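Right, one structure below, let's go through it.
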Amino acid sequence: MITPYRRSAGRTIYWTCCAAVAALFLLALGSDAAAQARRVGGGGGVMIGVNRTFVSGATFTLEDTATPPSASNDDSMLANELFLEWLVFNRVGLELDIGLTELERTYELNSVLGSVEETARPIMLGANLYFKDHGRRGLRGFVGLGTGTVSVDYKFSGGSVGSASSSHSVSVNALKVGLDWQTETAGLRTQLISWIGKLTDTESISGFKQTVDYTATVFTVGVFAIF
């Protein structure tokens, strides 16, 4: 059994930003509703692409609850992801991100706690608000919100933990800004994303507390096609 992740002070900032972006969404929908509805009638379009994803700041901490040596690791990770985006209106898209390859890293916590192999695969659902209408060539900026899970697996070896493993599902919220450069049929995308998500677990491995903190900065670069 995994205990619910602890809410951090950063969540206050996240939800404040959520409210601001939501207000922008409502303003955009209200001001252009008629024009957007006509465009939707003719087909909003679908974007399918692949991103190279760099994750920095995700931290794993392992603590011996009896004699508390503890150690952490926050090495960067990278992977590839598939994204599908349905352009519902001229300036609003619904996006699904699925990991094609796993985020992974291998590290030694210390000589007492041993080594860890960590793999993670995110899946996220979100919405983007664009600053220009769909279909225009050139640069198109956007902001977005997302929510999802990061499925994380750990394999331990050596040290006081011995040979053991644990699996976790970390709930993650995301706030992002991005920039597309597009033609009528394809484009390039770059994004800067802030993830917020954390949990603690004292049950998977007896005598040890695990803290899985995926409050991290994510940078992506990718390509997409428009249908």
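No lab work stands behind these numbers, since they all come straight from the coordinates. Being a predicted model, the structure only gives us computed values, none of them experimental. Positions of Cβ are backbone-derived with ideal geometry, glycine not excepted, and every protein chain shown enters the neighbour counts.
Once fully extended, how much extra length lies between residue 108 and residue 204, figured as 0.36 nm per residue of separation less the alpha-carbon to alpha-carbon distance? Can you show the working numbers first?
Values: separation 96, 0.36 × 96 = 34.56 nm, distance 1.97 nm.
Between residue 108 and residue 204, full extension yields 32.6 nm more.
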Per DSSP, loop GluC sites (Glu not before Pro) in region 82-187 with at most 12 further Cβ within 10 Å: 184
Cross-link partners of residue 132 among lysines (Cα-Cα below 19 Å; sequence separation of 8 or more within a chain): 176
Qualifying aspartates and glutamates (Cα of each under 20 Å from Cα of residue 155; at least 8 residues distant if same chain): 63, 64, 74, 75, 102, 104, 108, 117, 118, 201, 203, 213
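How much length is gained on full extension from residue 184 to residue 75, taking 0.36 nm per residue of separation minus their Cα-Cα distance?
35.4 nm
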Distance from region 146-195 to region 50-104 (C-alpha centre basis), Å: 1 Å
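Rg to Rh ratio, region 132-227, alpha-carbon atoms and Kirkwood radius?
So for region 132-227, dividing Rg by the Kirkwood Rh gives 1.20.
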